[in-house]
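Student: Below are the structure tokens for one structure; questions will follow.
The values are calculated or read from the model by the stated rules, or taken from the named source; none is laboratory data. Every value quoted in this text rests on a predicted model; they were computed, and no experiment measured them. Methodologically, a virtual Cβ is constructed for each residue, glycine included, from the backbone with ideal geometry; neighbour enumeration extends over all protein chains shown. Protein only, heavy atoms only, side chains kept; ligands, DNA and RNA dropped before computing areas. Shrake-Rupley method; radii C 1.70, N 1.55, O 1.52, S 1.80 Å.
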Amino acid sequence: MRTAGVDLAAEPKGTALAVIDWADSRASLCELQLGVADDVIVRTAGTVEKIGIDCAFGWPDEFVQFVVAHSSGDQSQPGVDGGMDWRRTLAYRETDREARRRTGRWPLSVSTDRLGLTAMRCAGLLGRISESGIVVDRSGSGIVAEIYPGASLRLWGFSTTGYRTEPAVREQLLQRIQAAASWLDLGPFAPRMITSADAFDAVIAALAARSAALGLYEPPEPRTLDRARREGWILLPSGSLADLLDSRPKASGGTGQRPAVAVYRQSEVDQ
């Protein structure tokens, strides 16, 4: 199995891509690139079983509905009072609320925080991946998954304070990860993970993609599945880091979904 991780930025500068080969009792980081353009990501998506992208795949339903109505001049929307509680419904997706429930922290808001330009690029990227023949399901089924590296690390038991901004903290965190995952061979790329937070998160996204491929994540509940297919759904790991060596796909959450390792391409869906 091969998994990939992408730390996406608004432009290729700041975007990193990692690819991990999984075989028997070892995992090897075989690629780690910086300054990655969309065509490289699309091409990589066609060579792996799962690719995890660190970016929101969509916007909150309520935010989309409000913007459309506001643009049309509709002033009769119920509940639009400008208050904080109402604004929170526009700021956060259902998966963001689930991430906060599991990790105790809010992800950045795609509609009100610093993610807007990156999410626009991501929308275009998902479109290009779809055009390549890969079915993109924003709820995480199939090859492409929305990943949150910081939350993945916390769920695996690691402290993430300061790792995005301090190389020394990343070095210490990497040492802890390697102590917990002696089976992970970083090859010549470890120094790059220390100097670049983007490279670091791309590798974590590739690890989290493996978790998703094995079905080790909490899928959206049936009542929220349609929303997740519009807004996106973060595939937060439900197992441990050691579980990533288990090559047997697991049923995801007991909801009747296919295991996340299943690969769907457009030609298969059209048959």
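Student: Please identify, among GLU49, GLU231, GLU31, the residue showing maximal mean-square fluctuation in a Gaussian network model of the chain using a 10 angstrom Cα cutoff.
Tutor: Maximum fluctuation in the GNM of the chain, among the listed residues, is at GLU31.
Student: Relative to the longest principal axis of the C-alpha atoms of the chain, give the angle of the C-alpha long axis of helix 116-131, reported between 0 and 90° and rounded to the nearest 10°.
Tutor: 70 degrees
Student: If you place +1 on the Cβ of every Lys and Arg, -1 on the Cβ of every Asp and Glu, and leave all else neutral, what size is the dipole of the chain about its Cα centre, to the nearest 20 Debye?
Tutor: 440 debye
Student: Between the helical axis of 167-180 and the dominant principal axis of the chain, each derived from Cα atoms, what acute angle in degrees is found, rounded to the nearest 10?
Tutor: Roughly 70 degrees, rounded to the nearest 10.
Student: Let me ask you something else. Please find the FRET efficiency linking ARG114 to GLU11, where r is the Cβ-Cβ separation and R0 is fixed at 22 Å, and quote it to the nearest 0.05.
Tutor: Computed FRET efficiency for ARG114 and GLU11: 0.95.
Student: How big is segment 10-121 along each principal axis, measuring the range of its Cα positions in Å and listing the largest first?
Tutor: Projected onto its principal axes, the Cα set of segment 10-121 covers 58, 31, 21 Å.
Student: Same structure again: Of VAL68, VAL42, VAL36, which has the most accessible area and how do the rest follow, probe 1.4 Å?
Tutor: VAL68, VAL42, VAL36
Student: Calculate the spin-label point distance for ASP21 paired with ALA179, positioning each point 7 Å from the Cα along the beta-carbon direction, and give it in nanometres.
Tutor: 3.0 nm
Student: Of all the Cα-Cα pairs you can form in segment 155-197, what percent are over 13 Å apart?
Tutor: 53 percent
Student: Hey, how much of the P(r) for segment 90-209 falls beyond 17 Å, as a percent of Cα pairs?
Tutor: Beyond 17 Å sits 64 percent of the P(r) for segment 90-209.
Student: Taking the square root of 5 times each eigenvalue of the Cα gyration tensor, what semi-axes in Å does the equivalent ellipsoid of the chain have, largest first?
Tutor: Semi-axes from the Cα gyration tensor: 30, 21, 18 Å.
Student: Right, here's the next one. How do MET120, MET84, MET193 rank by accessible surface area computed with a 1.4 Å probe, from largest to smallest?
Tutor: MET120, MET84, MET193
Student: I'd like the distance separating the alpha-carbon centroids of segment 171-216 and segment 1-75, in whole Å.
Tutor: 17 Å
Student: Run the numbers on segment 123-258 and let me know its relative contact order in percent, using alpha-carbon pairs under 8 Å that are six or more apart.
Tutor: Result for segment 123-258 is 32 percent.
Student: Right, next: May I ask you to rank PHE189, PHE57 by accessible area, largest first, using a 1.4 Å probe over the protein chains only?
Tutor: Largest accessible area first, the list is PHE189, PHE57.
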